[in-house]
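Q: Here you go, one structure.
Since every read-out is calculated from the coordinates, none of them should be taken as a lab result. Every value quoted in this text rests on a predicted model; they were computed, and no experiment measured them. Neighbour counts are summed over all protein chains in view; Cβ atoms, including those assigned to glycine, are modelled from backbone coordinates with ideal geometry.
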Amino acid sequence: MMGMKKARMIWLPLAMVLFLSFTSVHKFYVSVTNMVYSEKDKAFQITSRIFIDDLDDLMEERYGIRSQLATPNESKLADEYLEKYFRAKFVVEVNGKPMHYSFLGKRYDKDVAICYLEIPNLNLNDVKSISVQNEILTDLFDEQQNVVHVKWAGHKKSFVLIKGNNKGMLNL
C-alpha cells in the first residue's frame, strides 16, 4: 500500500509536467512578405504581415514608445516609427542597386498588422536580378523567421530568411 502511494507521488507530478508541456501555447516568431509585380502599374506591390504584439514589443524596446497598435490609444507616432524601422531592416535591390519604396500604410487583421509598400516605376524587362534583405524583428527575437514570396510574370520564388541568413537573391 505504501509503495502505491509513493508511486502516485512520483508519477502524478511527472504526468502533470508532461501534460502541461504539450498543451502550453508555444510562441513562434514569423512574418510573411509578398512581393507581386504588377505589369499594369509597373511596380512591385509589397505586403508584409507581422504580429501586432511583436511590433508593440519592438516599438517599446527600440524606440521607447508604447505604440498600442490596433487600439483606440494607438500612438500617433506609430506609422512614422514603423516606416523608419522598415527602411532600416527591409531592403530590396534591383540589379545590385537599393530601390526606394513608398511606405503606403498599414491595416489590421485580427492579431496581424499588414504593412503596404510599393516600388514604383519599375520596368520588368530591365530587371536582371532582385535581392531581398529582410531583418524585420531579428534584432528582437533570435527565433524570428521572415518568409518572402516574390511573384513576377507567372513565376514565384520563396525564401525563409533568419538572423544569420537574412538575404535572398534571384536572377530573372
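Q: What is the packing order of peptides 80-93, 43-56, 155-168, taking the mean over residues of other C-beta atoms within 10 Å and listing the highest first?
A: Most protected by this proxy first, the peptides run 43-56, 80-93, 155-168.
Q: OK, next. Full-extension gain between Val32 and Ile114, please, as 0.36 nm times their residue separation minus the C-alpha to C-alpha distance.
A: Details: separation 82, 0.36 × 82 = 29.52 nm, distance 0.95 nm.
Between Val32 and Ile114, full extension yields 28.6 nm more.
Q: What's the extension gain from Glu39 to Lys128 if we count 0.36 nm per residue and subtract their Cα-Cα distance?
A: On the way: separation 89, 0.36 × 89 = 32.04 nm, distance 1.61 nm.
Length gained, Glu39 through Lys128: 30.4 nm.
Q: Quick one: if you stick a label point 7 Å off each Cα along the C-beta vector at His149 and Lys163, how many nm between them?
A: 2.8 nm
Q: Can you spot the lysines whose alpha carbon is less than 23 Å from Lys157's alpha carbon? Ignore those fewer than 8 places along the same chain.
A: By straight Cα distance, Lys157 reaches Lys40, Lys42, Lys89, Lys97, Lys128, Lys167.
Q: Moving on to the next point. For the pair Asn171 and Lys156, how long in nm is the line joining their label points, each one 7 Å along Cα→Cβ?
A: If labels sit at Asn171 and Lys156, their model points lie 2.4 nm apart.
Q: I need the trypsin sites (Lys or Arg not before Pro) found in segment 101-149, filtered to DSSP loop residues with at most 15 other beta carbons within 10 Å of theirs. Walk me through the numbers before you get to the answer.
A: Numbers: sites: Lys106, Arg107, Lys110, Lys128; in loops: Lys110, Lys128.
The qualifying sites are Lys110, Lys128.
Q: Return, for the Cα atoms of segment 80-172, the radius of gyration and Dmax in Å, separated by a comma.
A: My reading of the Cα-based Rg and Dmax gives 13.7, 39 Å.
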